[in-house]
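The values are calculated or read from the model by the stated rules, or taken from the named source; none is laboratory data. Predicted model, so just to flag it, every value in this text is computed and none were measured. Reconstructed Cβ throughout: ideal geometry from the backbone, glycine too, with neighbour counts over all protein chains shown. Quick note on the areas: whole protein, heavy atoms, side chains included, nothing else; ligands and nucleic acids left out. Shrake-Rupley method; radii C 1.70, N 1.55, O 1.52, S 1.80 Å.
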Amino acid sequence: MEKWNLMAVVVLLGLTVRWTVSLNSYSGAGKPPMFGDYEAQRHWQEITFNLPVKQWYFNSSDNNLQYWGLDYPPLTAYHSLLCAYVAKFINPDWIALHSSRGYESQAHKLFMRTTVLIADLLIYIPAVILYCCCLKEISTKKKIANVLCILLYPGLILIDYGHFQYNSVSLGFALWGVLGVSCDWDLLGSLAFCLAINYKQMELYHSLPFFCFLLGKCFKKGLKGEGFVLLIKLSCTVVASFILCWLPFFTEREQTMQVLRRLFPVDRGLFEDKVANIWCSVSIFLKIKDILPRHIQIIISFCFTFLSLLPACIKLTLKPSPRGFRFTLVSCALSFFLFSFQVHEKSILLVSLPVCLVLSEIPFMSTWFLLVSTFSMLPLLLKDELLIPSVVTTMAFFIACATSFSIFEKTSEEELQLKSFSISVRKYLPCFTFLPRIIQYLFLTSVFTMVLLTLITVTLEPPQKLPDLFSVLVCFLSCLNFLFFLVYFNIIIMWDSKNGRNPKKT
């Protein structure tokens, strides 16, 4: 009973922080003509409620795609429609066709904020609690601490409740999928992950680890026996899930193609806003977008993404394990973020989720990564006037992790999961004993530069000739950190000596 009381307090704290952040502001408040992402979510409710399904993704006099046209998969549209029915019941003006554009009132803000909170309560938070409760080899107190730290992760809170989106829905479905396949409920896990992809297409960042893990399970069971049966069941589950979600758009080929064009807008180019990936960082020195034609950019982006995630995926297919699956989720999502085409800065949340899942295994490195991931979105957060919520939530998260996991005491080779790698290197360099010390120095340098750059950004005006200087520096610094983490997580995967032997797993 005491355990559940403590868990209830932790969840209540997480909800309180979320609601407090939501009271600050939201993306685009009072800023015509587009008004920001808050208006996008409201507008999708307007469109899905007032127009027939066949018009949701097409440009028309009633649906100007230049004004927040729907560009997420069908499940997002259905969610918008469900919210619209509730909005219609409360106040029809909120979703009135055309006349509701840019609608802003205290009652509507309360409604929209509540929809995000309910989505969190129904999908994301239960998955976090169940995942942490299923962790083995750690005490009940540590499990509750794990829930607290995950729920206090500032990146997701600031984007969903400050910037205003519903990332917790797709991430929650993905987490249910991780739980399912890790506990050998493979069909339920596959169904949950299909729902995640059909809510936000960026969940493709996690698709290869799911595919490789499940395929590895089939190989392990034998493709001439149980493995083949499992493969057929999984295939049917995936196909049936997609058919059900896309059924209204499969009636005509043009309908399907239009939805796909909206989901994958390659015409936008290699990148748009300042994002902490390779292409935006390299463009500081080499203007790839101007030098190379778009189809070549797509090919290069695909090759870099594929090659960077290939080793981890091969290892997972050959040696499937829940532990390897979690680390491969991190590595693949980070590869997509760093190298893929048309990445948004908020996509770092897709890397942060699997990092949260290994928080109890490598608390020092996970905490560090999650701090950097929040910092990487600084230009967006400042644009939405979320500086104070960002500072407060980041400090709360850091204190929770530092006290719950004693992160500064867990920087040995073994705690960093680098013992196997270090032993391999010491065969050739016996003096290679300084890796933990180097990582500690890198952490201090990273934190110092993030704090310094934040202070500079909020207190100084950039030079007139370089108005984006501070934003570019934030992205470049974050990208360097992410490259380091990509190498680090791949080292853990490739030198993993715990696969199948006493792992902390669900």
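Values for this structure:
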item: Residue that is modelled with pLDDT under 95 and in contact with a Gly (Cβ under 7 Å, 6 or more places away or on another chain), where the choices are SER347, SER321; result: SER321
item: Unmet criterion (only one of (1) assigned to a helix (DSSP H, G or I); (2) over 30 Å from ASP184 (Cβ atoms); (3) in contact with a Ser or Thr (Cβ under 9 Å, 6 or more places away or on another chain)) for LEU270; result: (1)
item: Which numbered condition MET202 misses (of (1) open to solvent by 10 Å² or more (accessible area, probe 1.4 Å); (2) farther than 25 Å from LEU371 by Cα); result: (2)
item: Residue match in segment 481-492 (condition: part of a loop (DSSP other than H, G, I, E, B) and either of a type in the set (A, V, I, L, M, F, W, C) or open to solvent by less than 70 Å² (accessible area, probe 1.4 Å) (or both)); result: no
item: Any hit, segment 162-183, residues being assigned to a helix (DSSP H, G or I), open to solvent by 50 Å² or more (accessible area, probe 1.4 Å) and over 30 Å from SER80 (Cβ atoms); result: no
item: Residue list for segment 67-96, filter: under 26 Å from the mean Cα position of the chain (by Cα) and open to solvent by 60 Å² or more (accessible area, probe 1.4 Å); result: TRP68, TYR78, LEU82
item: Scope segment 128-149; condition part of a helix (DSSP H, G or I) and either acidic (Asp, Glu) or over 20 Å from ALA192 (Cα atoms) (or both); matching residues; result: THR140, LYS141, LYS142, LYS143, ILE144, ALA145, ASN146, VAL147, LEU148, CYS149
item: For HIS295: the one exception among (1) outside any loop (DSSP other than H, G, I, E, B); (2) touching a residue at least 40 places away in the same chain (Cβ under 8 Å); result: (2)
item: Some residue of segment 28-40 being assigned to a helix (DSSP H, G or I) and among the aliphatic types (A, V, I, L, M); result: yes
item: Test result for LYS54, without any contact (Cβ under 8 Å) to a residue 12 or more places away in the chain and either over 30 Å from LEU148 (Cα atoms) or open to solvent by 20 Å² or more (accessible area, probe 1.4 Å) (or both); result: no
item: Test: ARG113 is more than 23 Å from LEU353 (Cβ to Cβ) and basic (Lys, Arg); result: no
item: Any hit, segment 13-24, residues being open to solvent by 10 Å² or more (accessible area, probe 1.4 Å), in contact with a Leu (Cβ under 9 Å, 6 or more places away or on another chain), assigned to a loop (DSSP other than H, G, I, E, B) and under 22 Å from SER105 (Cα atoms); result: yes
item: Which listed residue, of TYR205, TYR166, is under 21 Å from LYS346 (Cα atoms) and out of contact with any Asp or Glu (no Cβ under 8 Å at 6 or more places or on another chain); result: TYR205
item: Residue check for VAL259: more than 20 Å from LYS346 (Cβ to Cβ), at pLDDT 95 or above, open to solvent by less than 10 Å² (accessible area, probe 1.4 Å) and assigned to a helix (DSSP H, G or I); result: no
item: Per-region count, segment 262-282, residues more than 21 Å from THR76 (Cβ to Cβ) and buried (at least 18 other Cβ atoms within 10 Å of the Cβ); result: 10
item: Flag if LYS141 is surrounded by fewer than 22 Cβ atoms within 10 Å (Cβ to Cβ) and either in contact with a Ser or Thr (Cβ under 8 Å, 6 or more places away or on another chain) or of a type outside the set (Asp, Glu) (or both); result: yes
item: Helices (runs of 4 or more DSSP H) completely within segment 349-455 that count 2 or more residues being open to solvent by 30 Å² or more (accessible area, probe 1.4 Å); result: 378-383, 387-405, 419-426
item: Residue match in segment 221-244 (condition: open to solvent by 20 Å² or more (accessible area, probe 1.4 Å), closer than 27 Å to ILE129 by Cβ and among the hydroxyl-bearing types (Ser, Thr, Tyr)); result: yes
item: Residue within segment 321-332 that is part of a loop (DSSP other than H, G, I, E, B), out of contact with any strand residue (DSSP E or B) (no Cβ under 8 Å at 6 or more places or on another chain) and either closer than 30 Å to GLY216 by Cα or touching a residue at least 12 places away in the same chain (Cβ under 8 Å) (or both) present; result: yes
item: Single match in LEU338, LEU309, LEU286 (criterion: open to solvent by 50 Å² or more (accessible area, probe 1.4 Å) and farther than 22 Å from LYS410 by Cβ); result: LEU286
item: Residue in segment 49-72 that is at pLDDT below 95, assigned to a helix (DSSP H, G or I) and closer than 21 Å to ILE159 by Cα present; result: no
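So that you can scan it fast, the table gives a plain yes or no per residue for (1) at pLDDT below 95; (2) under 28 Å from PRO33 (Cβ atoms); (3) among the acidic types (Asp, Glu); (4) assigned to a helix (DSSP H, G or I):
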| residue | (1), (2), (3), (4) |
| --- | --- |
| LEU97 | yes, yes, no, no |
| ARG101 | yes, yes, no, no |
| ARG113 | yes, yes, no, yes |
| ILE125 | no, no, no, yes |
| ASP160 | yes, yes, yes, yes |
